[in-house]
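Student: Dumping the structure here so I can ask a few things about it.
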Amino acid sequence: MEAISFLFLLGIAMPLKYIWDMPMAVSVVGMAHGILFMLYIYGAFMLKEKMNWSWSTLFVIFICSILPFGPFYAERKYLK
C-alpha cells in the first residue's frame, strides 16, 4: 500500500499540482502516503524482531522505503 501511494503521489498528484494547478490532490494523497509510510517503518521494526533480521537488512528495508519501486523489491526479497 505504501509503495502504491508513493507512486500515485509522484505519478498523478504531483503533475496535477504543478502542471494543472490542482494542489488538493497532493494534500490528500500526501497525507495518506505519510500515514502509510509511518506504518511501513513501524512494520519493518516489528518484522525485524519477528524474522530475526540484522540491522543491515533493516537498513536496506528503510532505503527501499524512499525509492519509488523499492518496497516492491523489499517485499519480494525479504518477505518470502
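The values are calculated or read from the model by the stated rules, or taken from the named source; none is laboratory data. Source: prediction; values computed, not measured. Quick reminder, even Gly has a Cβ in these numbers, built from the backbone with ideal geometry, and neighbours come from all protein chains shown.
Student: Given LEU9, LEU39, LEU16, LEU58, which one is exposed (fewer than 13 other Cβ atoms within 10 Å of the Cβ), part of a helix (DSSP H, G or I), at pLDDT 95 or above and touching a helix residue (DSSP H, G or I) at 6+ places or on another chain (Cβ under 8 Å)? Before the answer, list the steps.
Tutor: Working: LEU9 fails: exposed (fewer than 13 other Cβ atoms within 10 Å of the Cβ); LEU16 fails: exposed (fewer than 13 other Cβ atoms within 10 Å of the Cβ); LEU58 fails: exposed (fewer than 13 other Cβ atoms within 10 Å of the Cβ).
Result: LEU39 is the single residue among LEU9, LEU39, LEU16, LEU58 that is exposed (fewer than 13 other Cβ atoms within 10 Å of the Cβ), part of a helix (DSSP H, G or I), at pLDDT 95 or above and touching a helix residue (DSSP H, G or I) at 6+ places or on another chain (Cβ under 8 Å).
Student: Now, a different point. Among the numbered conditions (1) part of a helix (DSSP H, G or I); (2) more than 16 Å from the chain's Cα centre (by Cα), tell me where TRP53 comes up short.
Tutor: (1)
Student: Okay, next question. Of (1) surrounded by fewer than 12 Cβ atoms within 10 Å (Cβ to Cβ); (2) under 20 Å from MET1 (Cβ atoms); (3) among the hydrophobic types (A, V, I, L, M, F, W, C), MET24 satisfies all except one. Which?
Tutor: Just one mismatch for MET24, condition (2).
Student: Hey, another quick one. Going by the conditions given, is GLY70 in contact (Cβ under 8 Å) with a residue 24 or more places away in the chain, closer than 21 Å to ILE4 by Cβ and surrounded by 13 or more Cβ atoms within 10 Å (Cβ to Cβ)?
Tutor: yes
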